[in-house]
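Only one structure is covered here, and it is reproduced in the block below.
The values are calculated or read from the model by the stated rules, or taken from the named source; none is laboratory data. Everything quoted here is computed from the prediction, not taken from an experiment. Positions of Cβ are backbone-derived with ideal geometry, glycine not excepted, and every protein chain shown enters the neighbour counts. The area values use the complete protein model at the heavy-atom level, side chains included, leaving out ligands, DNA and RNA. Shrake-Rupley method; radii C 1.70, N 1.55, O 1.52, S 1.80 Å.
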Amino acid sequence: MLNRLVTLLPSGAREALRPLAARMPADVPVRPPAPQSAILPDFDTRPAAMTPLLPPAAINDNPLQAVHEAVERDLRASGHLR
């Protein structure tokens, strides 16, 4: 990761960091940081209660309803339906 970061630095800064990098041995294992809890003590992790939502009013969304009514009206007018 540091190799990528160094490529973003100007060439003068890279030249200044080269002696420091040469003094650090590459085979020294890096100790990971001690694990810490991400949750603060006395912090409730449960989600807050949600307010109930009312459902939308019912809508007859049948797109063929107007066609059905027109056919029925025409059939009644022609005498096929009573």
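The table below gives the values:
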read-out: Largest-first ordering by accessible area, 1.4 Å probe, given options HIS80, HIS68; value: HIS80, HIS68
read-out: Carbon/sulfur fraction of accessible area - the range 18-82, other protein chains in place, 1.4 Å, %; value: 63
read-out: By accessible area with a 1.4 Å probe, ligands and nucleic acids excluded, highest first: order of ASP44, ASP61; value: ASP61, ASP44
read-out: Residue among ALA22, GLY79, LEU9 farthest towards the positive dipole end of the chain, charges placed on Cβ; value: ALA22
read-out: Charge dipole (debye, nearest 20) of the chain; +1 at Cβ of Lys and Arg, -1 at Cβ of Asp and Glu; value: 480
read-out: 0 to 90° range, to nearest 10: angle between helix 65-78 axis and the chain longest Cα axis; value: 10
read-out: Listed residues ALA38, ALA16, ALA49, most fluctuating in the chain (Gaussian network, C-alpha, under 10 Å); value: ALA16
read-out: In degrees, nearest ten, helix 11-23 long axis to first principal axis of the chain (Cα); value: 60
read-out: Protein-only accessible surface order, largest first, of LEU64, LEU8, LEU20 at 1.4 Å; value: LEU8, LEU64, LEU20
read-out: q = 0.25 Å⁻¹: log10 I(q)/I(0) that the Debye formula gives for the chain, counting C-alpha atoms only; value: -1.22
read-out: Solvent exposure of the chain as accessible area per residue, Å², 1.4 Å probe; value: 108
